[in-house]
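Novice: Sharing a structure below in C-alpha cells format, with a few things to ask.
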Amino acid sequence: MEFDHAGVATDDAAETAALFSDLLGAETVHEETDEDRGMRFVFLDLGNGYVEVIEPLDDTSTIADYVAEDGPGLHHVAFATDDAAAALAHARDLGVETIDDEPRPGAWGHDIAFLHPRDTAGVLVEFVEH
C-alpha cells in the first residue's frame, strides 16, 4: 500500500483548501458535493498524495458530528490499495476492528473502507481502492 491522502475536517472547505493551497503550493484537482452523505470534498494535489478537505453540508453527516465534537482538524489517513475488501479481511485477520463490513462508495468514485481508531493507535485509517 501507499499513502493516498490525509482527510481534514472543517466547517469551511473553501477557506481551508485556500489555506493549504497557499501553505503547500498545492493545486485543487477535484471538488465534489455529495448531497446524500451531506459532505463537500476538495482534493489538493501534493504530488505524492492529497489533502482531502471535508465540509459537512448539514448537521446529519458523520463529518458534522466530528467537527461538532472535536472541532476542525485531521480526521483520517488513507492508504491506496488495489483491493479494499482484501485489505479489510487482512485487518480482521490481525484482530483489527473494521467500521465497514465491505467497501462502500466514496469520494472521487473510489470504493473506501475504514478501520476503527481504537485498534489503530487512535488513527482513523481508510483504505481507498484504486
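Novice: May I ask you to verify whether A17 is within 12 Å of P56 (Cα to Cα), open to solvent by less than 40 Å² (accessible area, probe 1.4 Å) and aliphatic (A, V, I, L, M)?
Specialist: So A17 does not fit the description; no.
Novice: Sticking with this one: Failed condition for A91, given (1) open to solvent by 40 Å² or more (accessible area, probe 1.4 Å); (2) in a helix (DSSP H, G or I), with all others met?
Specialist: Just one mismatch for A91, condition (1).
Novice: Quick one: which of D111, D119 is surrounded by 15 or more Cβ atoms within 10 Å (Cβ to Cβ), touching a residue at least 24 places away in the same chain (Cβ under 8 Å) and out of contact with any strand residue (DSSP E or B) (no Cβ under 7 Å at 6 or more places or on another chain)?
Specialist: Exactly one of D111, D119 is surrounded by 15 or more Cβ atoms within 10 Å (Cβ to Cβ), touching a residue at least 24 places away in the same chain (Cβ under 8 Å) and out of contact with any strand residue (DSSP E or B) (no Cβ under 7 Å at 6 or more places or on another chain), namely D119.
Novice: Given the criteria touching a residue at least 60 places away in the same chain (Cβ under 8 Å) and more than 10 Å from the chain's Cα centre (by Cα), does A84 qualify?
Specialist: no
Novice: Run G7 past the list (1) open to solvent by 20 Å² or more (accessible area, probe 1.4 Å); (2) outside any loop (DSSP other than H, G, I, E, B); (3) not hydrophobic (A, V, I, L, M, F, W, C) and report the number of the one that doesn't hold.
Specialist: Every listed condition holds for G7 apart from (1).
Novice: Related question: From the residues in segment 58-78 that are hydrophobic (A, V, I, L, M, F, W, C) and open to solvent by 70 Å² or more (accessible area, probe 1.4 Å), which one is nearest to M1 (Cα to Cα)?
Specialist: Ranking the candidates gives L74 first.
The values are calculated or read from the model by the stated rules, or taken from the named source; none is laboratory data. Since the structure is predicted, the reported quantities are computational estimates derived from the model, not experimental observations. Cβ coordinates were reconstructed from backbone atoms using ideal geometry, including for glycine residues, and neighbour counts include every protein chain displayed. Heavy atoms of the whole protein, side chains included, go into the accessibility calculation; ligands, DNA and RNA do not. Shrake-Rupley method; radii C 1.70, N 1.55, O 1.52, S 1.80 Å.
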